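**Q** Let me begin by handing over the structure; questions about it come next.
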Amino acid sequence: MTDTILEVKNFSLDLRTEAGDLPVLSDINFYIKRGEFLSLVGESGCGKSVCALSITKLLPKKLAVYKSGEVLFNGTNLLEESSATIQKIRGNDISYIFQEPFSSLNPLHRIQDQMIEGFIAHNKGSKIQAIEKARYLLGRVGITDIDERLKSYPNQMSGGMLQRISIAMALMCDPILLVADEPTSAIDVTIQSQLIELLFELKREMNLSVLFISHDIALVSYLSDRINVMYAGCMVESGNVEQVIDQPKHPYTQALLKAYPSIKDDNQDLEPIPGMVPSPSDYPKGCHFTDRCVKAMDECRLSKPKLQITDASHEVSCFLYGGQNAGN
Ligand SMILES: Nc1ncnc2c1ncn2[C@@H]1O[C@H](COP(=O)(O)OP(=O)(O)O)[C@@H](O)[C@H]1O
Ligand SMILES: [Mg+2]
């Protein structure tokens, strides 16, 4: 038995739009082990959410074109499974928390009904057991006046409280993997760190694997076991925190670290990355970062470098490190 619970291999996906099929994810590779906190980081528009949603085929059918690769969950390729099988896994073994609590909470239903719905649908137990579990989890995520809250509607609560409830709801079926897509980005900053501490404690307590998505590399640096850096639909660097934060190799990771306030260094001069993430219709032929890269060479414009190991599981896709051509 391997302890790798999710492995995404050579995964490419297009989004079907009126302007044609856009190559939003190119040859994505990553894995998560049991109990691991893996962060996926990159600027807005790099494909993090599309990547997270496509793991359980949550993107609308008309929009997503699964081009190649595999998404192995406990060894089963989810991309080849029926909608019925994936529905059994989603919300059960793999659950999600989104940036906006209203993405997981319906404003028209009471908290109790929403919390117990998945538990009952996935045949985890009776209604009484579901309510008991909801009460336990609400307590665990720091909600007080639980009876009152269970009877309330989402619009009667603050964003921070709703996000705690979303976390509790995501844990109702004892997931193996929790996907948290920018879960604190829409929350008041004073509450952000409390929520992150909470996620971290829950992960340890429940031996959860967490795929944590953020645009903020400084934030993920103190949370993660490993970090994957994504740029314009490609995975550009992957490694543990010491490797990616203390010895970043890819010029994009280096630029990101200079652009966000470090937790360790209060006096850091921030340097925004010039230019913008290109749209998928304008991705360059070679390395997608070429146009913004201070170290770009001729070969970077001609072909894409492959993600490859440089030392002890530290992976980078960049010709500066003798990167191989990934083909087109
Ligand atoms: N429904 C959609 N239709 C067309 N393009 C989309 C859609 N959703 C996302 N995209 C495009 O896919 C790319 C990746 O988006 P996304 O995964 O949301 O990025 P991130 O989460 O890293 O900010 C972006 O260029 C975005 O414009
Ligand atoms: Mg996103």
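**Q** Hey, THR144 hits all of (1) open to solvent by less than 60 Å² (accessible area, probe 1.4 Å); (2) among the hydroxyl-bearing types (Ser, Thr, Tyr); (3) not in a helix (DSSP H, G or I) but one; which does it fall short on?
**A** Here THR144 meets the rest and fails (1).
**Q** Now, a different point. Would you tally the residues in segment 304-328 being closer than 18 Å to LEU25 by Cβ, modelled with pLDDT under 95 and part of a loop (DSSP other than H, G, I, E, B)? Before the answer, list the steps.
**A** Going through segment 304-328, the residues closer than 18 Å to LEU25 by Cβ turn out to be 304-307, 315, 317, 326-328.
After this cut, where a residue has to be modelled with pLDDT under 95 as well, the list is 304-307, 326-328.
Subset that is part of a loop (DSSP other than H, G, I, E, B): 304, 306-307, 326-328.
Of the residues in segment 304-328, 6 are closer than 18 Å to LEU25 by Cβ, modelled with pLDDT under 95 and part of a loop (DSSP other than H, G, I, E, B).
**Q** Quick one: ASP181 ticks every box in (1) more than 23 Å from GLN114 (Cα to Cα); (2) open to solvent by 10 Å² or more (accessible area, probe 1.4 Å) except a single one, so which number is it?
**A** (1)
**Q** Among what's in segment 19-55 and is away from ligand 2 (no atom under 16 Å from the Cβ) and part of a loop (DSSP other than H, G, I, E, B), pick the residue that is farthest from TYR260 (Cα to Cα).
**A** The extreme case among them is ALA19.
**Q** Next question. Taking segment 118-141, which residues are open to solvent by less than 10 Å² (accessible area, probe 1.4 Å) and within 14 Å of SER166 (Cβ to Cβ)?
**A** Scanning segment 118-141 gives ALA134, LEU137, LEU138, VAL141.
**Q** Is it true that some residue in segment 67-78 is free of Cβ contacts under 8 Å to residues at least 60 places away in the same chain, more than 16 Å from ligand 2 (Cβ to nearest atom) and touching an Asp or Glu at 6+ places or on another chain (Cβ under 7 Å)?
**A** yes
**Q** Given the options LEU208, LEU202, LEU198, name the one that is in contact with a strand residue (DSSP E or B) (Cβ under 6 Å, 6 or more places away or on another chain), more than 14 Å from ligand 1 (Cβ to nearest atom) and within 29 Å of LEU105 (Cα to Cα).
**A** Values: LEU202 fails: in contact with a strand residue (DSSP E or B) (Cβ under 6 Å, 6 or more places away or on another chain); LEU198 fails: in contact with a strand residue (DSSP E or B) (Cβ under 6 Å, 6 or more places away or on another chain).
It is LEU208.
**Q** Among the residues of segment 45-93 satisfying the criterion of being charged (D, E, K, R) and within 16 Å of ligand 1 (Cβ to nearest atom), which is farthest from the chain's Cα centre (by Cα)?
**A** Per the criteria, the residue is LYS62.
**Q** Restricting segment 169-210 to residues that are of a type in the set (S, T, N, Q) and in a helix (DSSP H, G or I), which is farthest from the chain's Cα centre (by Cα)? Outline the logic, then answer.
**A** Our first condition is that a residue be of a type in the set (S, T, N, Q); within segment 169-210, this holds for 184-185, 190, 192-194, 207, 209.
Filter once more, so that each one left must be in a helix (DSSP H, G or I): 190, 192-194.
Working: THR190: 22, GLN192: 17, SER193: 18, GLN194: 19 Å.
Among those that are of a type in the set (S, T, N, Q) and in a helix (DSSP H, G or I), it is THR190.
**Q** Which condition number does MET115 fail, the rest of (1) within 19 Å of LEU195 (Cβ to Cβ); (2) surrounded by fewer than 20 Cβ atoms within 10 Å (Cβ to Cβ); (3) free of Cβ contacts under 8 Å to residues at least 60 places away in the same chain being met?
**A** (2)
**Q** Let me ask something else about it. Against the condition touching a residue at least 60 places away in the same chain (Cβ under 8 Å), within 17 Å of the chain's Cα centre (by Cα) and either more than 22 Å from GLY118 (Cβ to Cβ) or outside any helix (DSSP H, G or I) (or both), how does SER166 come out, does it pass? If you could, list the steps in order and put the result at the bottom.
**A** Details: touching a residue at least 60 places away in the same chain (Cβ under 8 Å): yes; within 17 Å of the chain's Cα centre (by Cα): yes; either more than 22 Å from GLY118 (Cβ to Cβ) or outside any helix (DSSP H, G or I) (or both): no.
In short, no.
**Q** Somewhere in segment 15-30, is a residue under 28 Å from VAL316 (Cβ atoms), buried (at least 17 other Cβ atoms within 10 Å of the Cβ) and among the hydroxyl-bearing types (Ser, Thr, Tyr)?
**A** Checked segment 15-30: at least one residue is under 28 Å from VAL316 (Cβ atoms), buried (at least 17 other Cβ atoms within 10 Å of the Cβ) and among the hydroxyl-bearing types (Ser, Thr, Tyr).
**Q** So which residues in segment 143-165 are small (Gly, Ala, Ser), at pLDDT below 95 and over 19 Å from LEU219 (Cα atoms), if there are any at all? Working first, answer last.
**A** Quick first cut of segment 143-165, residues small (Gly, Ala, Ser) only: 152, 158-160.
The next check asks that each one be at pLDDT below 95; those that pass are 158-160.
Hits for segment 143-165 are SER158, GLY159.
**Q** Restricting attention to segment 93-104, which residues are within 16 Å of ligand 2 (Cβ to nearest atom) and open to solvent by less than 20 Å² (accessible area, probe 1.4 Å)?
**A** Just the residues of segment 93-104 that are within 16 Å of ligand 2 (Cβ to nearest atom), to begin with: 96-104.
Within segment 93-104, ILE97, PRO101 qualify.
**Q** Which residues, counting only those in segment 58-92, are open to solvent by 60 Å² or more (accessible area, probe 1.4 Å) and touching a helix residue (DSSP H, G or I) at 6+ places or on another chain (Cβ under 7 Å)?
**A** Within segment 58-92, TYR66, GLU70 meet the criteria.
**Q** I would also like to ask the following. Among (1) farther than 20 Å from PHE212 by Cβ; (2) part of a loop (DSSP other than H, G, I, E, B), there is one condition ASN10 misses while meeting the rest; what is its number?
**A** Tallying (1) farther than 20 Å from PHE212 by Cβ; (2) part of a loop (DSSP other than H, G, I, E, B), ASN10 fails exactly one: (2).
The values are calculated or read from the model by the stated rules, or taken from the named source; none is laboratory data. As the structure is a prediction and not an experimental result, all values here were calculated from the model. Positions of Cβ are backbone-derived with ideal geometry, glycine not excepted, and every protein chain shown enters the neighbour counts. In case anyone asks, the SASA skips ligands and DNA or RNA and just uses the protein heavy atoms, side chains included. Shrake-Rupley method; radii C 1.70, N 1.55, O 1.52, S 1.80 Å.
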